[in-house]
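Comments concern the structure below.
The values are calculated or read from the model by the stated rules, or taken from the named source; none is laboratory data. Computed from a prediction, not measured in an experiment: that's the story for all the values here. Here the Cβ positions follow ideal geometry from the backbone for every residue, glycine too, while neighbour counts run over all protein chains shown. The area values use the complete protein model at the heavy-atom level, side chains included, leaving out ligands, DNA and RNA. Shrake-Rupley method; radii C 1.70, N 1.55, O 1.52, S 1.80 Å.
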Amino acid sequence: MSALILHRVDELRAHAEAARRAGRRVGVVLTMGALHEGHLSLVEHAARIADEIILTVFVNPTQFGPNEDLAKYPRTLERDIELATKAGATCVFAPDAKEMYPGADATRVVVSKVSEPLCGRFRPGHFAGVATVVTKFFAILGPSVALFGRKDYQQLQVIRTLVSDLLLPIEVIGLPTVRDADGLARSSRNVYLSSEERQRALAIPRALSRAFEVFTGGERDRAKILELVSEELRKGNLDVQYAELLDADDLSSFPTETLPDRALLAIAAYCGSTRLIDNIVLGEDPSPIGLP
Ligand code: PAF
């Protein structure tokens, strides 16, 4: 049986309210659709810890810049519903833009500091768009638990900060990045890559793995690690936006050149016209290409 499909905010609100009243724990997985294994791992995990599993599919216009891929973002709703149902979703919410942004749309939720480095420098307004739509979904649904992938690590930290600052009674769970066998992180945007570009994109997980390798071996010199990362990225002939080592909690810069035993390494790079992001928390995450 397919998950219940809803398109209207009032219907979804009533559905979530009824579930809560019936004592069912509501878990949410917020997505822009074009579901892949990464999303499905979130739904499967949600199905183990909650009773009502609501997956949203909404390509949120306010998080795209004027020259970004809003118009061409892959839209595969029928397939998404099928996959989400199989993974354990009980309800799929797929609103249109008017439903989510009626009226004046004069309000933005801005999470300062943690939104500012990394993607924040290259995608002005992006995290305000994300934080605004996520806040709307939380307000409609009143979930007990919300699950996000660690591939969008900065987004996850923005949402954690939002939930904590606004005292929302929601448990936020970040789950590991799902990767193809060769290490490439699953992303809805991978469909844009030609096979030649996909090969070159492997420089990203290889760069993360190189950092993993030396960090595991005891290297703590920030500049040395970043040099090795750049060396690997150059092999893919990518247009690198950033490769940075930051505090894994608040995404602040380190005060010294010697890293602590846990640090976020985050990368964004264009491969052709496709922007890819990936990351590893050194001292916490496994190697992206399965190194011991
Ligand atoms: O990660 C995404 O797909 C989006 O940024 C999210 C969280 C669904 C908000 O639109």
Kindly list, by first and then second residue, each pair from a residue in the range 128-142 that is open to solvent by 20 Å² or more (accessible area, probe 1.4 Å) to a residue that is assigned to a helix (DSSP H, G or I) and near the ligand (Cβ under 10 Å from one of its atoms), limited to pairs with Cβ atoms under 7 Å and residues at least 6 apart or on different chains. 136/100
Assigned to a loop (DSSP other than H, G, I, E, B), among the aliphatic types (A, V, I, L, M) and under 21 Å from the mean Cα position of the chain (by Cα): does that describe residue 207? no
What helices (runs of 4 or more DSSP H), lying completely within the range 1-120, carry at least 1 residues that are over 26 Å from residue 166 (Cβ atoms), charged (D, E, K, R) and more than 16 Å from the ligand (Cβ to nearest atom)? 37-49, 77-87
Taking the range 24-37 only, how many residues are of a type outside the set (Asp, Glu) and open to solvent by 60 Å² or more (accessible area, probe 1.4 Å)? 2
Among the candidates 62, 107, single out the residue that is open to solvent by 60 Å² or more (accessible area, probe 1.4 Å), at pLDDT 95 or above and among the polar types (S, T, N, Q). 107
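Residues checked against (1) at pLDDT 95 or above; (2) open to solvent by 60 Å² or more (accessible area, probe 1.4 Å); (3) within 28 Å of residue 69 (Cα to Cα):
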{"site": "234", "(1), (2), (3)": "yes, yes, yes"}
{"site": "241", "(1), (2), (3)": "yes, no, yes"}
{"site": "257", "(1), (2), (3)": "yes, yes, no"}
{"site": "260", "(1), (2), (3)": "yes, no, no"}
{"site": "272", "(1), (2), (3)": "yes, no, yes"}
{"site": "280", "(1), (2), (3)": "yes, no, yes"}
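Results for (1) more than 24 Å from residue 244 (Cβ to Cβ); (2) within 15 Å of the ligand (Cβ to nearest atom); (3) free of Cβ contacts under 8 Å to residues at least 60 places away in the same chain; (4) in a helix (DSSP H, G or I), shown as yes or no for each residue.
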| position | (1), (2), (3), (4) |
| --- | --- |
| 152 | no, yes, no, yes |
| 156 | no, yes, yes, yes |
| 191 | yes, yes, no, yes |
| 196 | yes, no, yes, yes |
| 214 | no, no, yes, yes |
